[in-house]
Amino acid sequence: MNKLFVCIVVLAVVAFAAVLHGQSSREPFSTVGVDGFAALADSSGVQLVDVRTDAEYSEAHLPGAMLIDVKSAGFDSVATARLDRSRVVAVYCRSGRRSADAARRLAASGYRVVNLDGGIMVWQKAVRPVVK
């Protein structure tokens, strides 16, 4: 029951944030701001993915994030091996461009994806926690 409630809340936050940010129906994923993304990242059923390089990840990343570099040749196969299609995937990068690319690719493969608008740069500007 508790897991069902958390899933419903997460999906409601994603839907509400998409409406607030004028989410285009052309994109197969949602893009949310820092507050919406933080709520998702704190949810137990969400898979948090940093799609930057290993060097960028080492400098700072969100707590609990796994690294899957979207620019690596094996991104799609690594994502398929590590991610569960039945759970929401929350992606971020430095500014939001690479994570939007990753979100499109993941959504095309059947994942429900949420992208952080502005990336880790806005996350840190909002003084949210990172691991260094």
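The values are calculated or read from the model by the stated rules, or taken from the named source; none is laboratory data. Small disclaimer: the values here were computed from a predicted structure and weren't measured. Glycine also receives a Cβ, built like all others from the backbone with ideal geometry; neighbour counts cover every protein chain displayed. In case anyone asks, the SASA skips ligands and DNA or RNA and just uses the protein heavy atoms, side chains included. Shrake-Rupley method; radii C 1.70, N 1.55, O 1.52, S 1.80 Å.
A few remarks follow.
Results for (1) part of a helix (DSSP H, G or I); (2) in contact (Cβ under 8 Å) with a residue 40 or more places away in the chain; (3) not aliphatic (A, V, I, L, M), shown as yes or no for each residue.
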residue: PRO28; (1), (2), (3): no, yes, yes
residue: SER44; (1), (2), (3): no, yes, yes
residue: ALA55; (1), (2), (3): yes, no, no
residue: LYS71; (1), (2), (3): no, no, yes
residue: ALA79; (1), (2), (3): yes, no, no
residue: ARG104; (1), (2), (3): yes, yes, yes
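- Residue that is least open to solvent (accessible area, probe 1.4 Å) [pool: residues in the range 106-132 that are part of a loop (DSSP other than H, G, I, E, B) and either among the charged types (D, E, K, R) or closer than 23 Å to ALA73 by Cβ (or both)]: TYR111
- Matching residues in the range 57-80 - criterion: being open to solvent by 30 Å² or more (accessible area, probe 1.4 Å) and in contact with a strand residue (DSSP E or B) (Cβ under 8 Å, 6 or more places away or on another chain): TYR57, PRO63, GLY64, MET66, LEU67
- Each residue in the range 86-132 was checked for being over 12 Å from the mean Cα position of the chain (by Cα), farther than 22 Å from ALA55 by Cβ and among the hydrophobic types (A, V, I, L, M, F, W, C), and 3 pass.
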